[in-house]
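Take a look at the structure below.
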Ligand code: C2O
Ligand code: CU
């Protein structure tokens, strides 16, 4: 493979992605950052300079498994110390599989400030994709807040708790449109919200009539589950998270934070006009208006608004079509990697909202994750003496009390504990994870949680409604053609079953991809094969008990 060398400078700049001026994090002046375009087998080198001034940084390459390079995963507190202001950190890793991936900040709630982008990997020379298209385009969907990341993070960890609220707008490829007239504050300086700022003119994707487009859709939202549609056009789903999908056609695609999909779209409609591309919030009562962009049929003017009104969006609280889409995603014939038919270990993870020491937290089997001062990868490899000094050595629970916990009601006891304990997996064993959803602390409310696994892909064995039954539900697993993914939703009051092989030496996060949920403890960490991890680069050190290691 080739070496692709990037030099990125990360800094704060004023941007107006939805017409409202906000201090945003940019890469080389841009948000979204540059798209990494590479070929299977290439080595990516990103020299990342932290010019944020007073803020730490870490960047995660989401969907890249980092085989042999766990220290390049970019997860602060797990695989590295944060990159200090003024420092340059070099990420180096191989992209070993074609597909659609992403990158984003993985430090605190920093991703919300705009540090994200796409990764597109093509097959090696002589290997073709199993579907045809004329052109390849990437489109990132995101939600956007006007509050600063710090304000949101501080609110989530204060007493009384201050929820981040719903985002102000939805962005398509970094552009949205906030209605400035909703701002009533007289103290607002003029020009802060400017509806005619070219930075927030609608994104347009130009297509040539008759051609077929591969659209690589990525959701990097911090809270919202989304629906995406293109007025008058069907979309054929062909890839997700780097795996080929048995094609199926949709009018609107549901996409959760951390997921990617390739869809094929043929420009086969009336070529004398433009069409709406639209994204809207599902699963939460939307107060955020839909995000809009134009599908521009060449040679119409790209800024010409479509003559129709934007199409209607799916009903936000109808879980059924979302569950059905999840069930429709299977591996494509000739690209099926069958899973091992049995597993060595079954871990059932109950997702609940709790109150811990007066703070609202999210927990897994009643344990809310906190990250240790010394990242796990470094502690496990470099610590001399007792590991108890680094993180809790009692393993977290393998399951919850099935008989005693009613997932359909608001629990009577909201207590939980915090812990930095991790699941240690025997190398090369097969592990099943059942994610079990439940009622939140609000009556008649259960949310959607997109769970993302670092360092691996998993097989999606099944989804179900209600409480997972460990005696009967495994018999219904799809062991024939399950899709492999790295991010998967757990639907309200439902469960999702996954299987993966613990064959990648390192320490890996598995967490809800909603930033505030992860920030509030909704995640776990796996370790496997730590003794096989090579010598750690000293640049990942410098925090916790490894302060001195940096100079060695
Ligand atoms: Cu895309 Cu740990 O996240
Ligand atoms: Cu969540």
Quiz prompt | Spatial separation of Cα centroids for the range 225-288 and the range 69-93, in angstrom | solution = 33 Å
Self-check item: Taking N as its residue count, the alpha carbon Rg of the range 129-328 over 2.2 N^0.38 Å
Solution: 1.10
Quiz item: Among 161, 204, 510, what is the fewest-to-most ranking by other Cβ atoms within 10 Å?
Solution: 161, 204, 510
Quiz item: So what is the relative contact order of the range 129-328, in percent, for Cα pairs below 8 Å that sit 6 or more residues apart?
Solution: 23 percent
Exercise. Assuming a ≥ b ≥ c are the square roots of the Cα gyration tensor eigenvalues, decide whether the range 345-551 counts as rounded (a/c under 1.5), prolate (otherwise, with a/b larger than b/c) or oblate.
Key: oblate
Practice problem: Just need log10 I(q)/I(0) for the range 403-480 at q = 0.25 Å⁻¹, Debye formula, equal scatterers on the alpha-carbon atoms, no solvent, rounded to two decimals. | Solution: -1.35
Self-check item: Highest to lowest packing among 76-83, 167-174, scored as the average C-beta count within 10 Å
Solution: 76-83, 167-174
Exercise. Throw me the Rg/Rh for the range 1-123, computed over C-alpha atoms with Kirkwood Rh, two decimals.
Key: 0.96
Quiz prompt | Longest to shortest principal axis, alpha-carbon extents of the range 171-252, angstrom | solution = 55, 32, 20
Quiz prompt | Centre separation in Å (Cα based) which lies between the range 320-399 and the range 475-552 | solution = 7 Å
Quiz item: What is the order of 541, 323, fewest Cβ neighbours within 10 Å to most?
Solution: 323, 541
Quiz item: What FRET efficiency would be calculated for the residue pair residue 298, residue 234, taking the C-beta separation as r and a Förster radius of 35 Å, to the nearest 0.05?
Solution: 0.95
Quiz item: Over all pairs of distinct alpha carbons, what does the Kirkwood formula give as the hydrodynamic radius of the chain, in Å?
Solution: 24.0 Å
Quiz prompt | Helical contribution to [θ] at 222 nm, DSSP H n ≥ 4, -39,500 (n - 2.57), averaged over the chain, rounded to 500 | solution = -1500 deg cm²/dmol
Exercise. Counting only C-alpha contacts under 8 Å and six or more residues apart, can you give the relative contact order of the chain as a whole percent?
Key: 14 percent
Quiz item: What's the exposure ranking of 45, 483, 159, going from fewest to most Cβ atoms within 10 Å?
Solution: 159, 45, 483
Practice problem: Using label points projected 7 Å from each Cα along Cα→Cβ, tell me how many nm separate residue 476 and residue 535, to one decimal. | Solution: 5.3 nm
Quiz prompt | Spin-label pair residue 150/residue 401, simplified geometry with 7 Å Cα→Cβ offset, distance in nm | solution = 4.4 nm
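Read-outs throughout are calculated quantities, based only on the coordinates presented, and are distinct from any laboratory measurement. These figures come from a predicted structure and were not determined experimentally. Glycine also receives a Cβ, built like all others from the backbone with ideal geometry; neighbour counts cover every protein chain displayed.
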